[in-house]
Amino acid sequence: MKNKLKYFYSYTPLIVFLILVLFFARQLILKEDPSELPSVLIDEKFPSIILSELVGYKVFSNKNLINANGPSLVNIWSSWCVPCKVEHEYLMSMSNNYNIIIYGINYKDNKEDALKVLDLNGNPFYAIGADQDGMQSINLGVYGVPETFIIDRDGNIRYRHVGPILEYDMEKIILPIINKIKQERL
Amino acid sequence: MIIELGHFLLALALSLSIFQFLVPAVGVKFNSHSMMKSTSIIAYMSFILVLFSFLSLVYAYITSDFSVSLVAKNSHSLKPLLYKISGVWGNHEGSLLLWVLILTFYSVAVAILGRRLPLKLLSLVLSCQGLIAVAFISFILFTSNPFVRIFFPNAEGEGFNPILQDFGLAIHPPFLYLGYVGLSVTFSFSIAALLVGKVDTIWVKWVRPWTLIAWVFLTIGIALGSWWAYRELGWGGWWFWDPVENASFMPWLAATALLHSSIVAEKRDTLKAWTILLAIIAFSFCLLGTFIVRSGVLVSVHAFASDPSRGLYILLLLVFFTGGGLALFAKRAPYLKSGSLFKPLSREGALVINNIIFASAAATVLLGTLYPIFIDAINNSKVSVGPPYFEAVFIPLMVPAILLCAFSPMLSWKRAIIDNIIERIIAVFICSLFLASLIIIIYGGSASAFLGLFLAFWLICGTLYEFLIKVGVKSSFKTFIQRALNLPRSAYGMSVAHIGVAIFIIGVTVSSAWRIDIEKPIILGEKIIVKDIELTFKNIKKVEGPNWNADRGEFEIITSNGAKHFLYPERRFYPASQVNTSEPAIMSGIFSDLYIVLGESLQEEDSFAFRIYYSPFISWIWFGILLMAMGGILSLSDRKHRLGYGLKQV
Amino acid sequence: MTTIIKFIFCFFIISNSVLADTNNKAAYELYKELRCLVCQNQSLLESNAPLALDLKKVVMDKIELGQSKNEIKKFLVDRYGEFILLKPKYSIQNILLWLGPILFLLIGFFVTFVFLRKQSMYKEEPLPLTNEEENSLKKILDNNVS
């Protein structure tokens with residue numbers, strides 16, 4: 001009887017170890033990028049932000065996002081951000097071909113440079129505001145450029161996409177979510 | 001051609017390692033004397049093959065053979081020779097080859113030094129080492145091959161990150177691996193003991209020296225890494241509780257516990273099952289460290305380019321060796337004969353408490369490092385565990401260990417008499433209280449500074465007191481010298497190592513409590529006074545390096561005794577990767593370091609952002625660690641612990 | 001009159017710099033506890049990344065407004081999640097993390113105690129004699145012999 005107890009104790013290290021392995025295996029299988037942050041604002045109202053105008057373009061605030069006619073995107077971009085240039089054509093596609101309303105926040109940028117990019121490459125945005133010191137974007141939990149938020153009709157954040165929206169992202173992630181929102185409350 | 005030869009030799013080494021695993025195992029099973037005897041030769045050949053394989057890679061680096069993919073990615077024709085060579089192991093594939101080289105080298109060492117071990121035991125140890133070699137060599141050949149060629153080599157090579165071209169960083173991996181792989185030897189010994197079914201005196205006499213060797217290398221390796229981080233990473237810190245640093249610290253904590261428990265096992269023939277378990281766990285921490293660094297499951301500054309498929313392979317290695325070892329332990333350990341008894345208040349008791357504390361410390365570091373993974377799996381939320389956590393829990397954990405450390409050498413084996421001990425504790429207490437208070441009163445400091453100093457003095461006074469008692473301070477000078485010379489080296493080793501810990505604590509305490517941190521913009525020509533040192537920002541000019549351009553500032557430093565020095569902090573920009581780095585300029589001294597970091601140029605003319613750190617006694621951190629390692633080396637040189645001692649009677 | 005004005009002026013400047021110092025110190029401590037989200041593993045204090053500088057500004061502004069450490073931390077956690085805290089919150093979720101070390105110690109002592117007690121129950125070895133006991137035994141034996 002006493003020997004059995006000793007027996008049990010000696011298996012403890014092995015059991016603890018195997019539990020650890022389960023956790024490791026899960027991490028490996030998921031293949032997550034450990035430095036990528038999920039947004040904590042999901043399912044919450046888009047925070048109130050104050051943006052400054054870009055000459056020649058309509059500006060917006062969070063009020064535009066509430067009680068809208070449908071889902072919209074808020075895209076944070078800068079003229080000095082290289083992935084933003086790559087994502088631009090897909091933003092144009094979503095705006096022109098899929099008629100998605102995209103609001104742009106120009107992040108910590110020189111207004112002239114931003115205007116130049118829009119003139120040269122086209123404007124996918126329904127309205128644009130500038131967040132020149134980056135403080136407004138902090139309210140959104142933005143930690144890099146580009147980032148894109150999907151907002152539903154009531155002004156709630158449904159998804160945050162980190163990094164550029166490329167073809168795969170557009171087709172497999174962004175558009176499906178937008179369609180899903182459109183189908184709510186038909 | 002040479003590279004292909006190296007590749008071939010490695011493949012050959014794999015086959016030989018398979019033999020090194022099978023032959024002795026079969027030999028033990030069927031009691032074939034000749035099979036067991038031939039294992040050593042297989043081990044020697046295996047090492048030679050890996051050595052030449054490794055040398056072929058070194059040759060490729062030295063000759064800057066950029067047709068080899070690894071060399072093209074990690075080396076550059078303009079690198080100095082030393083860094084070309086150290087570039088061999090400055091990447092995932094090459095470092096694994098170094099690991100295997102050291103592994104086979106240790107197998108040879110065991111085979112030679114263990115000539116007089118019982119043949120069955122030696123065979124099982126070499127067999128286990130062979131199996132580990134099989135696992136790692138196949139890992140290299142199947143997932144991380146350093147010998148791959150590319151077809152359109154870049155003429156110059158792409159790897160020229162000057163941050164990595166530092167002497168400390170160059171030799172840090174070899175030392176670290178000598179430590180990790182040393183722990184594989186104690187692991188193999190433990191497996192062998194469990195398989196044989198008994199742990200006799202010969203076994204315990206062997207574990208301690210090998211543990212010491214691994215421990216000394218690990219200690220130096222970690223110190224080198226920390227020293228490099230301090231000098232290169234630009235913010236005056238020397239330890240960040242980063243997952244990769246923790247990955248090397250956990251084996252160290254386990255190895256320290258193992259060191260102390262093997263003393264008990266050797267002297268008193270008890271705690272043997274625990275020692276075996278610790279040896280298995282220590283090596284498992286090494287494998288775990290390899291997993292953390294190379295699999296990409298945790299965020300870290302240091303990680304090699306990570307790859308989940310490699311991570312999976314290492315996880316399998318971990319399951320096989322650790323799982324296998326722990327399973328074997330679970331089955332066999334209860335049947336090991338238990339040893340002699342001791343009362344709680346005794347040398348054994350104190351060492352047991354030491355082990356509990358160090359094991360808890362290792363478990364705590366593991367908990368903190370892996371907690372993000374646990375919470376992510378359970379709650380799907382992201383938390384981060386950083387230095388504030390580790391500092392808050394680790395230091396309180398270590399305090400009792402340090403308190404114990406000073407007077408446990410005064411405790412006798414089996415049971416200690418309390419009265420003498422209490423007298424001595426009180427003496428040491430008063431002495432340390434006095435010295436610590438004196439310093440706080442003179443220089444002013446916080447409660448934590450006081451605690452740190454108190455602990456350091458406690459350790460120094462206690463260790464010196466114990467030394468004086470052993471040598472007999474009351475007798476004549478001649479007897480004193482005689483007894484001092486007759487003291488075994490391991491006794492000196494212990495005292496030196498413990499004093500090293502105290503020096504380390506002083507370094508940590510003083511450099512953080514009395515540190516001066518200045519962050520301000522400085523204009524060209526401006527003079528700043530820090531403590532009794534005058535700094536003048538004399539000049540700034542643009543300089544160019546092979547793949548960077550930088551602003552280099554010039555500071556004239558005048559110390560209190562009038563000596564003049566110059567410091568040149570740089571802020572570099574690498575156009576290829578669009579990265580800015582800071583090269584701090586450090587003036588190191590025994591009693592303080594002056595550390596200048598150049599920041600951005602500011603809007604005002606000739607004005608730059610600077611960070612100046614004045615860290616008193618920070619070098620004592622590395623002196624202390626060095627002293628600890630020297631203590632270990634002293635102990636190793638003790639004749640009694642020389643491998644093979646006492647076997648003539650067998 | 002002018003002396004009074006000068007005095008008030010000096011007091012204002014000194015107390016402002018003392019305030020600035022206290023604020024700096026508080027900011028310093030908070031920076032150490034917040035993670036730089038775009039660096040691999042640094043705190044705000046050590047990082048010079050643009051986002052880190054912005055966050056440091058936010059922290060400093062709030063300290064000057066008089067907000068407490070916890071309020072500032074909550075502000076950031078509300079926007080970035082608990083990941084930004086390098087010192088994990090004292091919450092139920094993290095209870096194992098903070099109690100872990102003590103638990104390990106207790107389990108260690110418990111296991112050791114149980115094992116050693118088991119051992120002593122099996123063995124019946126008398127404890128060895130101490131030096132004093134040896135001497136008195138010797139004396140008794142000598143006395144008996146003589």
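Throughout, read-outs are computed from the coordinates displayed, never taken from laboratory work. Given the structure is predicted, the values throughout are model-derived calculations rather than measurements. All Cβ positions, glycine included, derive from the backbone under ideal geometry; neighbour counts span all protein chains shown.
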Per 10 Å bin from zero, what fraction in whole % of the C-alpha pairs of the stretch B:501-650 is there, up to the bin with the longest pair? 10, 29, 24, 17, 9, 6, 4, 1, 0
Quick one: order A:Tyr11, B:Tyr371, B:Tyr389 by neighbouring beta-carbon count within 10 Å, fewest to most. A:Tyr11, B:Tyr371, B:Tyr389
Give me D for the stretch B:48-88 in µm² s⁻¹, whole number, from Stokes-Einstein with Rh from the Kirkwood sum over alpha-carbon pairs, 37 °C and 0.692 mPa s. 326 µm²/s
Going by C-beta contacts inside 10 Å, put B:Ser309, B:Ser46, B:Ser67, B:Ser495 in order with the fewest on the left. B:Ser309, B:Ser67, B:Ser495, B:Ser46
Compute the separation of the alpha-carbon centres of the stretch B:469-517 and the stretch A:1-79 and state it in Å as a whole number. 52 Å
Enumerate by residue number the trypsin sites (Lys or Arg not before Pro) in the stretch A:1-70 meeting two conditions: DSSP loop (anything except H, G, I, E, B), and at most 13 other Cβ atoms within 10 Å of the site's Cβ. A:Lys31, A:Lys58
Candidates C:Ile72, C:Ile63, C:Ile92; GNM for chain C (alpha-carbon contacts under 10 Å) flags as most fluctuating C:Ile92
Convert each backbone phi in the stretch B:506-518 into a coupling constant with the Karplus relation 6.51 cos²θ - 1.76 cosθ + 1.60 (shift: θ = phi - 60°), then list the ³J(HN,Hα) values in order as whole Hz, x for Gly and Pro. 4, x, 5, 4, 5, 5, 8, 6, 10, 6, 10, 10, 10
Under 5 Å, built H, 5+ apart or other chain: amide partners of A:Ile49: A:Asn62
Compactness of chain B, expressed as Rg and Dmax over alpha-carbon positions, Å: 26.7, 84
Mean-square fluctuation check for chain C, GNM, Cα pairs under 10 Å: which of C:Ser136, C:Ser43, C:Ser91 is largest? C:Ser136
Which Cα, out of B:Ser295, B:Ile137, B:Ala563, lies furthest along the positive dipole direction of chain B (beta carbon charges, K/R +1, D/E -1)? B:Ile137
Using +1 at the C-beta of Lys and Arg and -1 at the C-beta of Asp and Glu, which of B:Ser615, B:Ile505, B:Ile62 has the Cα lying farthest in the positive direction of the dipole of the protein assembly as shown? B:Ile505
State whether the stretch B:266-364 is rounded, prolate or oblate according to the following rule on the C-alpha gyration tensor (a ≥ b ≥ c being the square roots of its eigenvalues): a/c under 1.5 gives rounded; otherwise a/b larger than b/c gives prolate, and the remaining case gives oblate. oblate
Quick shape check on the stretch B:306-373: root eigenvalues a ≥ b ≥ c of the Cα gyration tensor, a/c under 1.5 is rounded, otherwise prolate if a/b tops b/c, else oblate, and it reads oblate
For a Förster distance of 41 Å, can you work out the FRET efficiency between the beta-carbons of B:Leu141 and C:Ile92, rounded to the nearest 0.05? 0.30
Given charges at beta-carbon only (K, R positive; D, E negative), |dipole| of chain B in Debye: 3380 debye
What aspartates and glutamates could a cross-link reach from A:Lys180, if we take a straight Cα to Cα line under 15 Å and drop same-chain neighbours fewer than 8 places away? A:Asp43, A:Asp152, A:Asp154, A:Glu171
With at most 10 other Cβ atoms within 10 Å, longest stretch of chain B clear of loop GluC sites (Glu not before Pro) (DSSP): B:1-603
Starting from the Cα-Cα distance between B:Ile2 and B:Glu605, subtract it from 0.36 nm times their residue separation and give me the gain in nm to one decimal. 211.4 nm
Kindly identify the stretch B:137-255 as rounded, prolate or oblate by the Cα gyration tensor criterion: order the square roots of the eigenvalues as a ≥ b ≥ c, call it rounded if a/c is under 1.5, otherwise compare a/b with b/c, prolate if a/b is larger, else oblate. oblate
Could you pull out the pairs from A:Lys31/C:Lys57; C:Lys62/C:Lys87; B:Lys541/C:Lys25 whose alpha carbons sit more than 27 Å apart here? A:Lys31/C:Lys57; B:Lys541/C:Lys25
Using a simple charge model, +1 on the beta-carbon of Lys and Arg, -1 on the beta-carbon of Asp and Glu, nothing else, what dipole does the protein assembly as shown show about its Cα centre, in debye to the nearest 20? 4480 debye
Sorted from largest down, give the three principal axis spans of the alpha carbons of the stretch B:185-239, whole angstrom values. 53, 17, 11
Is there a quick way to get the dipole size of the stretch C:51-97? I mean about its Cα centre, with the Cβ of Lys and Arg at +1 and of Asp and Glu at -1; what is the value in debye to the nearest 20? 120 debye
What span do the alpha-carbon atoms of the stretch A:30-111 cover on each of the three principal axes, reported in whole Å from largest to smallest? 44, 30, 29
Could you estimate the translational diffusion coefficient of chain C from the Stokes-Einstein equation, with Rh from the Kirkwood formula over C-alpha pairs, at 4 °C and 1.567 mPa s, in whole µm²/s? 60 µm²/s
Kindly write out, for the stretch C:110-116 in residue order, the coupling ³J(HN,Hα) from the Karplus curve 6.51 cos²θ - 1.76 cosθ + 1.60 (θ = phi - 60°), rounded to whole Hz, with x marking Gly and Pro. 4, 4, 4, 4, 4, 5, 5
What residue among C:Val58, C:Val114, C:Val77 has the largest mean-square fluctuation in a Gaussian network model of chain C, using Cα springs under 10 Å? C:Val114
If you bin every alpha carbon distance in chain A into 5 Å steps from zero, what whole percent lands in each bin? 1, 7, 14, 18, 17, 12, 7, 4, 4, 3, 3, 3, 3, 2, 1, 1, 0, 0
Averaged over all viewing directions, the convex hull of the alpha carbons in the stretch B:339-468 casts a projected area in nm² of 11.0 nm²
Taking the Cα centre of the protein assembly as shown as the origin and placing charges on Cβ (Lys, Arg +1; Asp, Glu -1), which of C:Leu106, A:Asn179, C:Phe75 is farthest toward the positive end of the dipole? C:Leu106
Would you grab the residues whose amide H sits under 5 Å from the one on A:Tyr159? Only those 5+ places off in sequence or on another chain, please, with H modelled 1.01 Å from N. A:Ile150
I want the antiparallel fraction of DSSP beta bridges within the protein assembly as shown, as a percent rounded to 5. 85 percent
Along its principal axes, what span do the Cα atoms of the stretch B:1-123 show, with the longest given first and each in whole Å? 57, 24, 19
If you bin the C-alpha pair distances of the protein assembly as shown every 10 Å from 0, what whole percents do you get? 2, 9, 17, 21, 20, 15, 9, 4, 2, 0, 0, 0, 0
